[in-house]
Each structure stands twice: as C-alpha cells, then as structure tokens.
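For reference, the structure discussed in these notes is given below.
The numbers here are math on the coordinates, done by the rules we state, and not lab data. Please read all numbers here as calculations on a predicted model, not as lab measurements. Reconstructed Cβ throughout: ideal geometry from the backbone, glycine too, with neighbour counts over all protein chains shown.
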Amino acid sequence: EPIPVHDRTIALVGLMGVGKSTVGRRLAKRLGLPFADGDIEIEAAAGMTVSDIFAQLGESEFRAGEARVLKRLLHAPRMVLATGGGAVLNPETRAELKARAVTVWMRADLETVASRVQRRDTRPLLRGRDPMEALKAMAEVRYPFYACADVIVDVASGAHGEAVDGIVRAL
Ligand code: S3P
C-alpha cells in the first residue's frame, strides 16, 4: 500500500556504509516507488565499476559523471534514490537535491560505519587507508552538507528494518 508523502523523490544521503542502498531498496518497496542506486547507475552509464572509474579516470571524472547521473535521476519520475556518500560534494548536485528531492540523512556513528565498511573492499576512497581516519576526514567535510537534509534519521543501531521505519515515520 503506497504511503502518500510528497511528490518529490526521496534521496538518501550519508557516508558510505550507513546502508543507503539496502534501506533505500526496502523503503521503495514499502512506499510503492521505484528505486535507483546512483553508484549502480554510474556503473551502467560508464560501463565500468566505480573502483575502475576511480583507478582509471580519477576521482574528479567520477564526480562529474556522478553529478550528471544524479541530475538525470532527479528529473525522472518520483523514486527512492540512494546517492553515493560523496554526492553532496558537488554544488550543482546539492542544488538539484534541494530543488527536487526530500533528502534524508542516514546518520550513524563513525565506529558503526567503520565496522561495516571493513567487511568489503569495494570502496576506492578507503583503499590503503586507516578506515577510521579516512571516515573522520570525510565526516568533517561532508557533515555540514548532510546536515542540510530535510530529515535526519539515526541508524546507529544498524538494523535496516528500523531505519526504514524511522524514515517512514519522519517523512
Ligand atoms: C563514495 C561513496 C561510494 C561511491 C564512491 C565514492 C564517497 O558510494 O560513490 O566510492 O565519496 O563517499 P556509497 O556511499 O554508496 O558507498
């Protein structure tokens, strides 16, 4: 049963590892909306994995592609959209999000995030770095942007079902 909220796309923002993709997919199902994952759309558009884009083209090319893909998705019919953790670094993306989406910051403490990202090695920005140090540096730059979200949901407990409920309640 679709829950009527707004007419806007619901965009999940927050650091890597907070569960944007998993929670986004479940939230979309719950709301009867389509779901898109920005990183997967970037990979489809580029015909390369995110890791390969970083390795072969560099971060700034990745960011430019990310901004183009998110713009397209934000102009598509209403959906739940999981954005990459660094999406908010782009001023145009921030403006598009503000104009077209309800933004939800999925916030978790850095220890929780660090423990989650260590389980996978698919994140080019963490490669060869101490995860906690890298996450702290990211948080410092990005939290002011995430904090502009329309809704802030604490997902510290780590349970995805609770995060979905928390977002639905907050919308
Ligand atoms: C990034 C996060 C990743 C992906 C890329 C860069 C970041 O997405 O876009 O590796 O800058 O934080 P997730 O947040 O989905 O892991």
Residues with amide H under 5 Å from that of Arg123, placed H, sequence gap 5 or more
none
Neighbouring Cβ atoms within 10 Å as the yardstick, rank Thr93, Thr22 fewest first.
Thr22, Thr93
Under a Cβ-only charge scheme (Lys and Arg +1, Asp and Glu -1), can you give me the dipole magnitude of the range 9-170 about the Cα centre, in debye to the nearest 20?
440
Among Gly58, Gly32, Gly14 - extreme Cα towards positive end, dipole of the chain, charges at beta-carbon
Gly32
Trypsin sites (Lys or Arg not before Pro) in the range 105-171 lying in a DSSP loop, each with at most 12 other Cβ atoms within 10 Å of its Cβ, come to Arg119, Arg120, Arg127, Arg129
Interchain or long-range residues, amide H under 5 Å from Gly84's placed H:
Gly38, Asp39
From fewest to most C-beta neighbours within 10 Å, the residues Asp109, Asp7, Asp39, Asp150 line up as Asp7, Asp109, Asp150, Asp39
Set the Förster distance to 30 Å, then compute FRET efficiency between Arg169 and Ser60 from the Cβ-Cβ distance, nearest 0.05.
0.20
Considering the options Val153, Leu70, Leu171, tell which one lies farthest towards the positive end of the dipole of the chain, charges being +1 on Lys and Arg and -1 on Asp and Glu at the Cβ, about the Cα centre.
Leu171
The range 133-160 and the range 1-54 have their Cα centres apart by a whole-number Å value of 16
Under Karplus coefficients 6.51, -1.76 and 1.60, residue-wise ³J(HN,Hα) of the range 73-78 in Hz, glycine/proline x
5, 6, 9, 8, x, 3
Relative contact order for the chain: what percent, with Cα pairs under 8 Å and sequence separation of 6 or more?
32
Pairwise label distance in nanometres, Ala44 with Arg129, each label 7 Å out on the Cα-Cβ vector
2.9
Check which residues have an amide H placed less than 5 Å from Gly17's amide H, if you skip close sequence neighbours.
none
